[in-house]
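The values are calculated or read from the model by the stated rules, or taken from the named source; none is laboratory data. A quick note: this is a predicted structure, and the numbers were derived from the prediction, not measured. Methodologically, a virtual Cβ is constructed for each residue, glycine included, from the backbone with ideal geometry; neighbour enumeration extends over all protein chains shown.
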Amino acid sequence: MDLTALLLSRLQFAFTVSFHIIFPSFTIGLAAWLTVLEALHLVTGRPAYRLVFEFWLKVFGVAFGLGVVSGILMAFQFGTNWSVLARMSGPIQGPLLAYETFTAFFLEASFFGILLFGRARVPPWFYLFSTAMVALGTTLSAFWIMANNSWMQVPVGYVMENGAFVPDDWLKILFSPVLWVRFPHMLLASYLTGAFCVAATGAWYLLRREFHTEARIMLKMGLFFAAVLVPVQGLFGHFNGDYVHNYQPAKFAAIEGRWHDQQPAAEVLFAIPDPEAETNHFQIAIPVLGSLIGSMSFTSKEAGLTDFRPQDRPPVIIPFFTFRIMVGCWLIMLLVAWAGSYLIYKERIEQTRLLLWLTFLSFPLPFIAILTGWYTAEVGRQPWTVYGVLRTAEAVTPFLTARAASTSLVVFCVVYSFIFAFGTYYIYRLLRAGPEGRLVLPQPTAIPNRPMSVVDEHHLTPAARRVAAGEYP
Amino acid sequence: MFWVAVLAVSILLYVLLDGFDLGVGILFGLTRSEERRHAMLSAVAPIWDGNETWLIVAAVVLWGAFPVVYATLFSAFYLPLLLMLAGLILRGVAFEYRYKTERMRWIWDAGFVGGSLVATFIQGMTVGALVEELPISNGQYVGGEFGWFSPFAVLCGIGLCLGYALLGACWLVRKCEGDVREEAYRLIPYLSIALLAFLVVVFAYALAEKLQVTQRWLERPYLFVFPAIGVIAALLAAESVRSRRDEVPFYMVALIFVAAFGTLAISFWPYMIPFSITIEEAAAPHSSLAFMFWGAGIIVFPLMLLYTVISYSVFRGKVRPTADRY
């Protein structure tokens, strides 16, 4: 077995999945936000909601397209690089992923098409329904992926037969308690991503003194949503901690930076963990808080990393820091969302340019939080692929060579960076242009299977704009 | 058994549908005129994405229903498969990105042609390597990094490029007018003759090397029904090209592909990876198959087929060259 090939395969998976996760998490949030907008438009009849909807639908189209393109590889990578895992867990992970693809395809096929090209052809309530179905579809997609990953984190509902995981209870797999705290955590993260991107765009326009009405809607709705969701996310984050504490004690100890058993345990706020010496440098810790967080008790004993055999310990440095970065992002988002909502309530937000700047600059935070959170979960799962049952080193394709793995890694780094750079630039151009006076018109030859085509919008002539305005008073 | 059918349908649909749009991608490289290029793209732009979806569907069905095959094949074809995906991804975004820029357009056009060629070549090569049999012992691939490489596989790769290009030309005839249609008609005879020559060479090679497949052809004489269908289709195609009946050649060439697919499928039966892993051995446990069947299988899959039919019927007819952009 080639150790370099193993490392390269892990790098390749990490790289491609990091690249991919950005887009779905953004579009899941956006789809939910589009549904709310469309509902508001239907109830109030305000044309501004329609404009904002159309504008974000275009952004949604591009991000959705990039998500689809970057996701293609995922369906193949399990077989190419992780063939032992694919063979053993295929009976469980295969059907879950098949459901994901079938659901996604179906969503893409029908309702997204109506969103893009059906505005004039279906009644308004059905258009709203289609928006909700797209949101549901993206959510279901996330569900199947999380079901897949949660099963790898805490495998349940299977028996071993002929060296393969054979499902004997699908209900256990689909209603695993771990899945039902991780899935909401991911979903909320996506909603927060959508909310912050929308609020940041609104703040940007207000700073530029453009698109005043639309910008206010974006800022207000984005920040209000966030103000409610960020604390809920904190709660689900805590539940996630509970599952890790109960099912993956080694990961928990790594995240906490706890080397030795403690009773009652302290909570390490900051430190530089030293795996060689099995200790922390420059540690800042609060006594007893560790027990409180881990077990809701003032006296509990909490496990340290040295309880586990060295070969069963996860790497410490990555989960330790990524976890703290994630929590840090969460804290800043909480402050921005609450302060912003308060100022909006007091009608002072537009004068407080500092806060507009802060909101504008906070758009990368949810992305960083999602990536670091994902790294915490995945690196913390090491050295296991299927936790406690199958080691990562045993799951890799046994005859994969370093040369083959490095070739593919380089190819995908180049291709993805290329596409990513263009795609991001492209979304930036859309956002910079702003929502004014542009409406997506159904194009005779564009079609739902090509989400990115929606952006080939036409500039409306003043006359056409009046018609559009008259149509949707 | 149900999932064998689903898999077969998905792969066949993929070959037919993505076959013509990859073919158009290959032909795209033969012309420099922006006008023609634009017409060619318009003929496939509305449907290419849906076509490629069938590849993903085939991949996940393979994993869910036949994990052993998924694991063995994909890891054996590591480099070619990943290159093929890179090709498909590049050509996919090229569709969208080439219109966003004037100056950089040549990059995306190159990506479009290159991606199409690489993806097609690799698909053909994979089939070739499978026919020749992969080095597998105890259900484990033992061929090394380039175990799939052989003159025969390369030949099949080139053959498929010709085949897809032919299919693409027929599609253009069907969808386009004017220049592009004439050009495609001009190309069809050359491509057909080249493809025919290639088929003869492959057949001779297979006989000369005494590949195990040829043994099966002799054992199962009813197999010759498929080549017979192919020959009839080829004759009808030639006739329709001569009389310039735009609709017909595409269906006839598609029929040839179906015949070829049928020949291969039946000569492999009951093996999934010839001649080492059978369908029976590869199938996932009953509980997995049942779980997939009751949701994805009998509800979503038929809906997907229906949707494919609808989207093609929405975009039936010729693409107008006058439309400034798609």
Checklist entry - Which ones in the stretch B:163-190 are buried (at least 24 other Cβ atoms within 10 Å of the Cβ), among the hydrophobic types (A, V, I, L, M, F, W, C) and touching a Leu at 6+ places or on another chain (Cβ under 9 Å)? => result B:165, B:166, B:167, B:169, B:172, B:180, B:184
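Yes or no, residue by residue, for (1) more than 28 Å from residue B:149 (Cα to Cα); (2) out of contact with any Leu (no Cβ under 8 Å at 6 or more places or on another chain); (3) of a type in the set (D, E, K, R); (4) more than 8 Å from chain A (Cβ to nearest Cβ):
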| site | (1), (2), (3), (4) |
| --- | --- |
| B:31 | yes, yes, no, yes |
| B:58 | no, no, no, yes |
| B:67 | no, yes, no, no |
| B:79 | no, yes, no, no |
Checklist outcome for this item: Selection from the stretch A:114-162 of residues among the small types (Gly, Ala, Ser) and modelled with pLDDT under 80 yields A:118, A:120
Item to check | So residue A:113, is it assigned to a helix (DSSP H, G or I) and at the interface with another protein chain (Cβ under 7 Å from one of its Cβ atoms) | outcome: no
Next on the checklist: Looking at the stretch B:277-315 only, could you name the residues that are within 8 Å of chain A (Cβ to nearest Cβ), touching a strand residue (DSSP E or B) at 6+ places or on another chain (Cβ under 9 Å), assigned to a helix (DSSP H, G or I) and in contact (Cβ under 8 Å) with a residue 12 or more places away in the chain?
Outcome noted: B:288
Item to check | Residues being more than 9 Å from chain B (Cβ to nearest Cβ) and either hydroxyl-bearing (Ser, Thr, Tyr) or touching a Gly at 6+ places or on another chain (Cβ under 9 Å) (or both) - total across the stretch A:157-172 | outcome: 4
Item to check | Only one of A:29, A:65 that is more than 9 Å from chain B (Cβ to nearest Cβ), part of a helix (DSSP H, G or I) and either surrounded by fewer than 22 Cβ atoms within 10 Å (Cβ to Cβ) or touching a residue at least 12 places away in the same chain (Cβ under 8 Å) (or both) | outcome: A:29
Next on the checklist: Can you say whether residue A:412 is within 14 Å of chain B (Cβ to nearest Cβ), surrounded by 20 or more Cβ atoms within 10 Å (Cβ to Cβ), among the hydrophobic types (A, V, I, L, M, F, W, C) and under 30 Å from residue B:100 (Cα atoms), as far as the supplied structure shows?
Outcome noted: yes
Item to check | Residues within the stretch B:108-120 that are within 13 Å of chain A (Cβ to nearest Cβ) and buried (at least 16 other Cβ atoms within 10 Å of the Cβ), tallied | outcome: 6
Next on the checklist: Looking only at the stretch B:51-110, how many residues end up being assigned to a helix (DSSP H, G or I), of a type in the set (S, T, N, Q) and farther than 16 Å from residue A:77 by Cβ?
Outcome noted: 2
Next on the checklist: Considering only the stretch A:392-407, I want to know if a residue exists there that is away from chain B (no Cβ under 14 Å) and among the hydrophobic types (A, V, I, L, M, F, W, C).
Outcome noted: yes
Item to check | helices (runs of 4 or more DSSP H) (entirely within the stretch B:180-276) containing at least 1 residues that are more than 22 Å from residue B:152 (Cβ to Cβ) | outcome: B:225-242, B:248-268
Checklist outcome for this item: Of (1) more than 8 Å from chain B (Cβ to nearest Cβ); (2) aliphatic (A, V, I, L, M); (3) touching a Leu at 6+ places or on another chain (Cβ under 9 Å), residue A:72 satisfies every one except (1)
